[in-house]
1. Among the residues in region 163-176, are any under 30 Å from Arg512 (Cα atoms), near ligand 2 (Cβ under 10 Å from one of its atoms), surrounded by fewer than 18 Cβ atoms within 10 Å (Cβ to Cβ) and not charged (D, E, K, R)?
2. Are there any strands (runs of 3 or more DSSP E) wholly within region 180-227 with 1 or more residues that are open to solvent by 50 Å² or more (accessible area, probe 1.4 Å) and touching an Asp or Glu at 6+ places or on another chain (Cβ under 8 Å), and if so which?
3. For region 260-302, how many residues meet the condition of being more than 16 Å from ligand 3 (Cβ to nearest atom), surrounded by 17 or more Cβ atoms within 10 Å (Cβ to Cβ) and either free of Cβ contacts under 8 Å to residues at least 12 places away in the same chain or not in a loop (DSSP other than H, G, I, E, B) (or both)?
4. Here are the criteria: (1) at pLDDT below 95; (2) more than 18 Å from the chain's Cα centre (by Cα); (3) within 16 Å of ligand 1 (Cβ to nearest atom); (4) surrounded by 15 or more Cβ atoms within 10 Å (Cβ to Cβ). Tell me which single one Ser138 does not satisfy.
5. Which residues, counting only those in region 242-258, are open to solvent by 40 Å² or more (accessible area, probe 1.4 Å) and either in contact with a Gly (Cβ under 8 Å, 6 or more places away or on another chain) or more than 14 Å from ligand 1 (Cβ to nearest atom) (or both)?
6. Can you give me the number of residues within region 436-463 that are under 14 Å from Gly479 (Cβ atoms), buried (at least 16 other Cβ atoms within 10 Å of the Cβ) and among the β-branched types (Val, Ile, Thr)?
7. Can you pull out every residue in region 228-259 that is part of a helix (DSSP H, G or I) and either outside the structural domain of Glu297 (by TED's automatic domain parsing) or closer than 30 Å to Asp318 by Cα (or both)?
8. Determine whether Ala154 is open to solvent by less than 20 Å² (accessible area, probe 1.4 Å), within 16 Å of ligand 1 (Cβ to nearest atom) and either in contact with a helix residue (DSSP H, G or I) (Cβ under 7 Å, 6 or more places away or on another chain) or assigned to a loop (DSSP other than H, G, I, E, B) (or both).
Amino acid sequence: MQRGIVARVLREVATLLELEGENPFRVRAYENAARAIEGLAEEPQELLEAGTLAEVRGIGAGLVAAIAEILQTGKLQLRADLAAKYPPGLLDLFRVGGLGPKKIRILHRELGIGSLADLEAACRAGRIAGLPGFGAKSQAAILAALESLRRYEARHLISDALPAAERILAHLLASPHVARAEIAGSLRRRRETIGDLDMVAAVAASDREAVAQHFAGADGVDRVLGSGSTKVSLQLLGGFQSDLRMVDEEEFAAALHHFTGSKEHNVLIRSRAKRVGLTVNEYGMFRGEERLRVRSEAELFERLGLAFIAPELREGLDEIELAERGELPVLIERADLTGTFHVHTTWSDGRASLAEMAEGAAALGWGYLGIADHSRSAAYAGGLSPDQVRAQWREIDEWNQRGRPPRLFKGIECDILLDGALDFDDELLLGFDYVVASVHSRFRLPVAEMTARLVRAVSHPCVTFLGHPTGRLLLAREGYELDLDAVLDAAAERGVIVELNANPHRLDLDWRPLRGWLRRGCATSIHPDAHSVAGLRDVDWGVAIARKAGAAAAQVLNTRSLAEVEGHFADRRGRARELLRPSTR
Ligand code: DGT
Ligand code: CA
Ligand code: CA
Ligand code: ZN
């Protein structure tokens, strides 16, 4: 899984070229290639080996060599040469909202600004306002942008973190001196955002130096931040930091547990240990001075009288009590999924055709797929007119008549209008198998208005799912201001399923409220919100978050059989017809 790194390096080159004032076509070539790499259904390495990389749309002939260099060495000389001309912190300025290459050049040339810290100091000293092209207003805007960066910059999306960590892990395991190694920390717990990539490895004391050097030689390492006999910290290209803890084989299980965390879970574990006369810490499990043999985390839990607690559940909530009583849920797994809903196609803003998405679902072994393109008002996203909806239905009918999987469902991601009404009339809505109702505009309403808007939307009898319920974009935008409980109450009352949008930028509904939603007996459904065939695989992130929320397979609609799903939609539609009868036509 190198696509993340390849894309990031290409993007950095584009940024550096922009800074150079290079030909915009050359800049765009690198940006397009980065985007193309991210959208690939196959691994870039495979295409390179097959010699078909140049055939990918967006990857110009001139870029193949650069991509090959990154894939083979984890680095790109061109990037290094360009980056060497500037202070290392200068690229960070591109992450400040509102700053582009022109302004950054001015900041660098006029004031010698080469980092976020320099920029902030210059703003506070009032030195930005006087620069050509800047003013008091833009100085204030830069300060505000810096503030929001600070709130987010130290964290990463799980979809960026996991592939990066898996590569590091594979590299570690390739060392003959590493007996065991695993990913730990928030990533192993599948948090929705990740601070750093924690690794734990069993390494004999005499081999630590060799392993530290090997670790530092991994692809994509920018520099070594620190290196000792128990801990090595690296800065990776693309902004990740990775911490490796090296421990003795006999310490491994306890260390893995400790560095998986969470801190809160560890506190509860230590007090549980105390109660049964034991001590647990990062070095092992002890009764008085005596070290107890603990070969795995399962053994560690067992010694404490606990069932194995999946890493996703280790957040210091009630997982210990449940483990004690043997009441932990059997968590959903990827293999439980039978299909999904809420995917987009070229009918609206998707990049793959309906048939391509269907083939993609079949390749994942799914028996059904729900197509949910945008509705009329989502003009920016190519929302469908009623005529286009009916034309798409014909295409879906044709597909289904062929009789081979996946069975396609007629869905729609229907905009929730400002007043909470839906974007199509009831008659058209009744023609769909299901409706995902989502907000895509007017995010900044007063709490009461936004709450009333969503309550009204989920109260419409045709609504099957509430789409990305809070509208948050991780590390970029907070959710709407909303009385979420009131909306969830209304949805629960009407049997509306709140989706778990599995797009890694969203992961919405968040696992914390999702946990409560499931505990009140309500169901969710894991939707990739895919805009490409590769995007279908985003359900993986949804499964991870569902597990964090403690979901068993039975609580997730898209683990059910095709017949059960059809039955659910038919029931909903029958009910909607009943409820709407007096008001339709
Ligand atoms: P992150 O990196 O912010 O996404 O979150 P974590 O949970 O990966 O935090 P990190 O990297 O600081 O530490 C990894 C684990 O190590 C953490 O989940 C629990 C353990 N740990 C670190 N510091 C402490 C501590 O001061 N007390 C306890 N009990 N555990 C700690
Ligand atoms: Ca961490
Ligand atoms: Ca760490
Ligand atoms: Zn949407």
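The values are calculated or read from the model by the stated rules, or taken from the named source; none is laboratory data. This one's a predicted model, so the numbers in the text were calculated from it and none came from an experiment. For neighbour counting, all protein chains shown are included, and Cβ atoms are generated from backbone atoms with ideal geometry for every residue, glycine included. The accessibility values were calculated without ligands, DNA or RNA, using every heavy atom of the protein model including side chains. Shrake-Rupley method; radii C 1.70, N 1.55, O 1.52, S 1.80 Å.
1. Looking through region 163-176, none of the residues is under 30 Å from Arg512 (Cα atoms), near ligand 2 (Cβ under 10 Å from one of its atoms), surrounded by fewer than 18 Cβ atoms within 10 Å (Cβ to Cβ) and not charged (D, E, K, R).
2. Ranges flagged: 180-183.
3. Going through region 260-302 one residue at a time, the tally reaches 10.
4. So the condition that Ser138 fails would be (3).
5. Asp248, Glu249, Glu250
6. 2
7. Correct list: Glu250, Glu251, Phe252, Ala253, Ala254, Ala255, Leu256, His257, His258, Phe259.
8. Taking the combined requirement at face value, the residue does not satisfy it.
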